[in-house]
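The values are calculated or read from the model by the stated rules, or taken from the named source; none is laboratory data. Only a predicted model underlies this, so the values are computations on that prediction, with no experimental measurement involved. Counting neighbours? That spans all protein chains shown, and the Cβs are built from the backbone with ideal geometry, glycine included. For the accessible areas, the whole protein counts, side chains as well, though only heavy atoms, and no ligand, DNA or RNA atoms are used. Shrake-Rupley method; radii C 1.70, N 1.55, O 1.52, S 1.80 Å.
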Amino acid sequence: AQKITQTQPGMFVQEKEAVTLDCTYDTSDPSYGLFWYKQPSSGEMIFLIYQGSYDQQNATEGRYSLNFQKARKSANLVISASQLGDSAMYFCAMRPNTGNQFYFGTGTSLTVIP
Amino acid sequence: NAGVTQTPKFQVLKTGQSMTLQCAQDMNHEYMSWYRQDPGMGLRLIHYSVGAGITDQGEVPNGYNVSRSTTEDFPLRLLSAAPSQTSVYFCASSYRWLAGVGAYNEQFFGPGTRLTVL
């Protein structure tokens, strides 16, 4: 069975600090992709970062990095130098090779405190 | 390039009414899907399609129908609306999974439809 778990319903971080949002996944498929999306209060889904299961290095996109630990089946999102505009819901998702479907976690609400 | 478009943005229905949520994409994506988003439950897959003429059920398909007659369009039909279908609905599209091509596998989302069933 494919499953994504985000255990932190809500997180707070001080502006300019770094924060880690946790994500664990479960799949028997050897090939898969991991994604993080941001959903601000306006409601749109914004793609942040992608990690492939065979990628040797952790993905980075600006202030976002993905701490990929394949053996532990975790794909944590790290946001460095938090900004007020980072306050949003964050969703972790997985796309296994078989089936084409995306599987989403329940999300983490991040609040950046000035 | 409009990406993924959805109409309407807001809709209020009475119990028992039917309606169709429209979704279109102009990126020639094979894969399209419908999700509903409810507080605390993330995004749950309703139906999906891997190409014109091919659809399949997701996690929560009951009460919804889909069809895919063209690559571009993937409408979602509510057959007889119920208050439990009050939710935000997202349509999304992507290319079929291709291993090793990175964020090419990204899923693009429409702006969402906020549906209230009274």
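Please go through the stretch B:13-38 and give me each residue that is over 12 Å from B:ARG77 (Cβ atoms) and without any contact (Cβ under 8 Å) to a residue 60 or more places away in the chain, ordered by number.
Once the filter is applied, which keeps residues that are over 12 Å from B:ARG77 (Cβ atoms) and without any contact (Cβ under 8 Å) to a residue 60 or more places away in the chain, the stretch B:13-38 yields B:ALA24, B:ASP26, B:ASN28, B:TYR35, B:ARG36, B:ASP38.
Among the residues in the stretch B:76-88, are any within 13 Å of chain A (Cβ to nearest Cβ) and either surrounded by 13 or more Cβ atoms within 10 Å (Cβ to Cβ) or in contact with a Phe, Trp or Tyr (Cβ under 9 Å, 6 or more places away or on another chain) (or both)?
The answer is yes; a qualifying residue exists.
Which of the following residues is in a strand (DSSP E or B) and within 13 Å of the chain's Cα centre (by Cα): B:ARG68, B:ARG44?
The match here is B:ARG44.
Would you point out the residue of the stretch A:36-47, among those that are more than 7 Å from every other protein chain (Cβ to nearest Cβ) and surrounded by 22 or more Cβ atoms within 10 Å (Cβ to Cβ), that is farthest from the chain's Cα centre (by Cα)?
A:TYR37
I'd like to verify a number: residues in the stretch A:40-65 that are without any contact (Cβ under 8 Å) to a residue 24 or more places away in the chain, over 18 Å from A:ILE4 (Cβ atoms) and hydroxyl-bearing (Ser, Thr, Tyr), how many?
4
Tell me, which residue of the stretch B:16-30 that is over 11 Å from the mean Cα position of the chain (by Cα) and open to solvent by less than 10 Å² (accessible area, probe 1.4 Å) is modelled with the lowest pLDDT?
B:HIS29
Within the stretch B:96-106, identify whether any single residue is of a type in the set (Asp, Glu), facing chain A (nearest Cβ under 9 Å) and open to solvent by less than 60 Å² (accessible area, probe 1.4 Å), and answer yes or no.
Yes, that holds for at least one residue.
Scan the stretch A:66-98 residue by residue and report those that are open to solvent by 10 Å² or more (accessible area, probe 1.4 Å) and touching a residue at least 60 places away in the same chain (Cβ under 8 Å).
Of everything in the stretch A:66-98, those that are open to solvent by 10 Å² or more (accessible area, probe 1.4 Å) and touching a residue at least 60 places away in the same chain (Cβ under 8 Å) turn out to be A:VAL78, A:SER80, A:ALA81, A:GLN83, A:LEU84, A:ASN97, A:THR98.
Which members of the stretch B:39-65 meet the condition of being open to solvent by less than 70 Å² (accessible area, probe 1.4 Å), under 28 Å from A:PRO40 (Cβ atoms) and of a type in the set (A, V, I, L, M, F, W, C)?
B:LEU43, B:LEU45, B:ILE46, B:VAL60, listed by residue number.
Give B:THR55, B:THR70, B:THR113 a once-over and let me know the one that is over 23 Å from A:CYS23 (Cα atoms), of a type in the set (Ser, Thr, Tyr) and in contact with a His (Cβ under 7 Å, 6 or more places away or on another chain).
It is B:THR55.
Starting from the stretch A:15-39, take each residue that is of a type in the set (D, E, K, R) and list its partners that are not in a loop (DSSP other than H, G, I, E, B), counting only C-beta distances under 6 angstrom and pairs at least six apart or across chains.
As it stands, the answer is A:GLU15/A:VAL112; A:ASP22/A:ASN76; A:ASP26/A:LYS3; A:ASP29/A:PRO96; A:LYS38/A:ILE46; A:LYS38/A:LEU48; A:LYS38/A:ALA88; A:LYS38/A:TYR90, since those pairs meet every condition given.
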